[in-house]
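The values are calculated or read from the model by the stated rules, or taken from the named source; none is laboratory data. What you see is a predicted model; the values in this text were computed from it and never measured. Cβ coordinates were reconstructed from backbone atoms using ideal geometry, including for glycine residues, and neighbour counts include every protein chain displayed. Areas reflect the complete protein model, heavy atoms only, side chains present, ligands, DNA and RNA absent. Shrake-Rupley method; radii C 1.70, N 1.55, O 1.52, S 1.80 Å.
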Amino acid sequence: MLLDGLRRGGLVVDTKSSATDMVTEIDRAAEALIADALLGARPEDGLVGEEGTNRPTRSGVRWVVDPIDGTTNYLYGHPGFAVSIAAELVHPDPDEGATTVAGVVWVPLLDEVYTATLGGGAHRNNESIGCSTVVDPAGALVASGFAYDPQRRRRQAEVLTRILPRVRDLRRMGAASVDLCSVACGRVDAFYERGLQRWDHAAGALIAREAGATVASLDGGPPSGDCILAANPDLWPTLSTMLIDAGADEA
């Protein structure tokens with residue numbers, strides 16, 4: 001469906017939170033296709049999707065779906081977009097949250113499928129992958145992303161002016177799931193971003209963790225919209241301190 005939409009062109013485009021937060025009819029159709037397939041096979045499960053699907057779970061399993069992570073890239077035919085699907089076990093105690101137990105990220109134009117299960121390692125196209133071992137931030141290639149709100153984007157750009165001189169370089173792909181998988185396979189050494197939703201990082205965070213990376217908020221807690229940082233365990237503490245000093249946790 002996604003590739004047919006690219007070939008056909010002429011997509012109907014709408015906006016959500018801002019003029020740069022775009023959605024197409026393919027986003028919505030893809031989410032419906034995924035939801036129908038998953039819930040058809042597992043009708044007691046729950047599902048939450050970026051485009052509005054919100055079904056409570058009766059089985060304790062909840063699927064977290066981003067049908068196109070990186071819609072702007074998709075519209076431009078840029079390879080940095082993906083389909084992200086994660087399965088969570090929802091704890092009976094709401095304070096315990098949920099545990100991601102499986103994740104898949106498909107990057108169609110790169111012909112890459114990233115997968116992970118809790119405790120089962122991470123794979124790209126069925127081959128085992130691992131994160132980089134870079135320790136010094138000065139030698140680290142760091143990925144990041146920006147929010148849709150113009151004022152927040154300005155603040156995040158100011159943070160970059162403090163970070164960029166202290167790392168090897170910066171990459172900005174435009175899809176958090178792809179960036180997290182890039183950490184998982186060593187294509188970049190680290191990724192951080194503020195303002196993500198759960199469907200942006202649920203699958204990718206598990207894949208990065210199963211590849212050996214630490215994935216957490218800057219204070220060391222679970223990944224959240226406040227700020228998420230993924231890097232190997234030796235690089236993570238130094239980079240976290242650097243990002244906090246630069247104001248990344250507030251931008």
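Considering Ala230, Ala202, Ala208, which residue is of a type outside the set (Ser, Thr, Tyr), out of contact with any Cys (no Cβ under 6 Å at 6 or more places or on another chain) and in a strand (DSSP E or B)?
Working: Ala202 fails: in a strand (DSSP E or B); Ala208 fails: in a strand (DSSP E or B).
Answer to the check: Ala230.
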Those residues that are open to solvent by less than 10 Å² (accessible area, probe 1.4 Å) and either closer than 27 Å to His123 by Cβ or basic (Lys, Arg) (or both), I need them from the stretch 218-231; list them, please.
Ile228, Leu229, Ala230, Ala231
Elements of type strands (runs of 3 or more DSSP E) contained in the stretch 88-175, each with 3 or more residues being within 21 Å of His201 (Cβ to Cβ) and open to solvent by 30 Å² or more (accessible area, probe 1.4 Å)
98-107, 112-117
Where Trp63 falls short, out of the listed (1) aromatic (Phe, Trp, Tyr); (2) open to solvent by less than 40 Å² (accessible area, probe 1.4 Å); (3) assigned to a strand (DSSP E or B):
(2)
Within the stretch 202-213, the residues that are open to solvent by 10 Å² or more (accessible area, probe 1.4 Å) and either touching an Asp or Glu at 6+ places or on another chain (Cβ under 9 Å) or charged (D, E, K, R) (or both) are Arg209, Glu210
Pairs please, first residue from the stretch 226-251 and at pLDDT 95 or above and of a type in the set (Asp, Glu), second anywhere and open to solvent by 10 Å² or more (accessible area, probe 1.4 Å) and not in a helix (DSSP H, G or I), Cβ atoms under 6 Å, 6+ apart in sequence or on different chains.
Asp234/Val135
Are any of the residues in the stretch 4-21 part of a strand (DSSP E or B) and either at pLDDT 95 or above or in contact with a helix residue (DSSP H, G or I) (Cβ under 9 Å, 6 or more places away or on another chain) (or both)?
yes
